[in-house]
Amino acid sequence: MFARFFVAACAAGLVASTSGAAIVSVSGQVTQIAQPLNAQLNALTNPATAYCWDEVQNFALDRVVAIDAFAPGTYNQTGDLVSASLGVGTVVRSHYIHFDIQPQSGSATVQGRVRFDSNIIGVIVVNEAGARHLDDSDFLGAPTLFTHGNDYRGLEFATDAFRITILGDAIEFDLTITQPGDYIRILTQGDIPTPGSLAVGTLGLLCIARRKR
């Protein structure tokens, strides 16, 4: 299945959370796009390709985030998933895979691969009553709009599967949808600021404060 596949320079340290490329390559039936404003059901549709994009980058979690997978391997049934979480302070880069079609389109299938510039530390695919893992992690995708409260927003393993590659820096997927679509959030390891960059950031804050006087 998967074989086919700013203030001035003194403030430079303040933009670390949005710098750098996180998705480094895609292959198969997946297209990388800029982060959209609207990813609600039926808003971003294409029966021939899934879309992927980067969300927040190098963000230190301010709350616990539930994840459903993190280790290399194939996940093609609910029993393959884990009950785990990433703790407050974990520095992450967030990415999203989105596959949706219009209701009149019937069904569609895609297979693809997305590789990142750091290792996967969490995959989120569950969104059922009592376990709204995708809904609860949508703050990582702001300002994009998402549909909340839909029990079928995640994956359905009767028709869906994904694999975290052995090197841990890529995800491969095989998705079949009717309505609604399939959606996956991937968290990769973010860059922890070095003492030097923190010093530059502090200098940037001082520069901004001085200019405001």
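Give the residue that is modelled with the highest pLDDT, with candidates limited to residues of region 171-204 that are part of a helix (DSSP H, G or I) and of a type in the set (S, T, Y). Selected residue: S197. Checking each residue in region 74-94 for being surrounded by fewer than 19 Cβ atoms within 10 Å (Cβ to Cβ) and polar (S, T, N, Q) picks out T74, N76, Q77, T78, S83, S85, T90.
Just one residue in the set D80, D100, D138 is more than 19 Å from A161 (Cα to Cα) and of a type in the set (D, E); that residue is D138. Here the condition is being at pLDDT 95 or above, in contact with a Gly (Cβ under 9 Å, 6 or more places away or on another chain) and either surrounded by 12 or more Cβ atoms within 10 Å (Cβ to Cβ) or over 25 Å from T178 (Cβ atoms) (or both); of I97, I23, it holds for I97 alone. The C-beta contact set for region 97-108 (first residue within 16 Å of G28 (Cα to Cα), second residue acidic (D, E) and part of a strand (DSSP E or B), distance under 9 angstrom, 6+ apart or interchain) comprises I97/D182; H98/D182; F99/D182. All of (1) part of a loop (DSSP other than H, G, I, E, B); (2) in contact with a Leu (Cβ under 6 Å, 6 or more places away or on another chain); (3) at pLDDT below 95; (4) among the hydrophobic types (A, V, I, L, M, F, W, C) hold for F2 with one exception: (2). Residues in region 143-164 that are in a strand (DSSP E or B), hydrophobic (A, V, I, L, M, F, W, C) and buried (at least 18 other Cβ atoms within 10 Å of the Cβ): A161, F162, I164.
The values are calculated or read from the model by the stated rules, or taken from the named source; none is laboratory data. Quick caveat: nothing in here was measured; it's all calculated off a predicted structure. As a convention, Cβ positions derive from the backbone with ideal geometry for all residues, glycine included, and neighbour counts pool all protein chains shown.
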